[in-house]
1. Would you say A74 is touching a residue at least 12 places away in the same chain (Cβ under 8 Å), of a type in the set (A, V, I, L, M, F, W, C) and in contact with a Cys (Cβ under 7 Å, 6 or more places away or on another chain)?
2. Would you confirm, using the coordinates I've provided, whether R128 is among the basic types (K, R), surrounded by fewer than 19 Cβ atoms within 10 Å (Cβ to Cβ) and either out of contact with any Phe, Trp or Tyr (no Cβ under 8 Å at 6 or more places or on another chain) or within 13 Å of G112 (Cβ to Cβ) (or both)?
3. Kindly establish whether S137 is in contact with a Lys or Arg (Cβ under 8 Å, 6 or more places away or on another chain) and crowded, with 19+ Cβ neighbours inside 10 Å.
4. Among the residues of the stretch 133-142, is any within 10 Å of the chain's Cα centre (by Cα) and of a type in the set (D, E)?
Amino acid sequence: MHCLGSATTKWVLAAAAGCRAQVMESIALMDMRGDKKLDLFHHGSKTTVAIGIGCKRGCSREAIVALVERAIAAAACARTPASLFTHEAKKSEAGLASAAKALGLRLVFLDGQVLRQASLRAATNSPRVMAMFGLPSIAEAAALAGAGPSSVLLVARMSDGGASCAIASKIEP
């Protein structure tokens, strides 16, 4: 969000404050080869947000829940339909699954190629995550991929307690 032009930034901030972003009925994501499609959202005209999550191995449910709640408050989207998105390499993280259940949110694991494509729009860069996964930020890439190809970050990566979180939504001009 920091690299957007001023008019766009004002619109994004207004959308974040009221969560008035529009989401297509079905968002098809493709990996970089263009041969995989992943339909993620089908919420009609309802506003939706994608919450991207990254975490260190063994991160606790409590740390993830607290961070997600903080990010949702920052985006002013507490009552907006949402799903959690992360890298498929995080499938064995019990804290993630437990946090999703505690938050009452669907947890979606995304392919690394889908995340790499979305990561071109990420705002932050973690050298550690780049070395491990080839991504500047799992949280931001997952949020952007989950929200769709023309989405923007409402909340850039925030980290605490071994977890990272970012929120994105599809913004229509």
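Where a number appears in this text, it was derived from the coordinates with a stated rule and is not lab data. As the structure is a prediction and not an experimental result, all values here were calculated from the model. Here the Cβ is made from the backbone with ideal geometry for all residues, glycine too, and neighbour counts use every protein chain on show.
1. Taking the combined requirement at face value, the residue does not satisfy it.
2. Here the answer is yes, as R128 does meet what is asked.
3. Details: in contact with a Lys or Arg (Cβ under 8 Å, 6 or more places away or on another chain): yes; crowded, with 19+ Cβ neighbours inside 10 Å: yes.
Spelling it out, S137 is indeed in contact with a Lys or Arg (Cβ under 8 Å, 6 or more places away or on another chain) and crowded, with 19+ Cβ neighbours inside 10 Å.
4. Yes, that holds for at least one residue.
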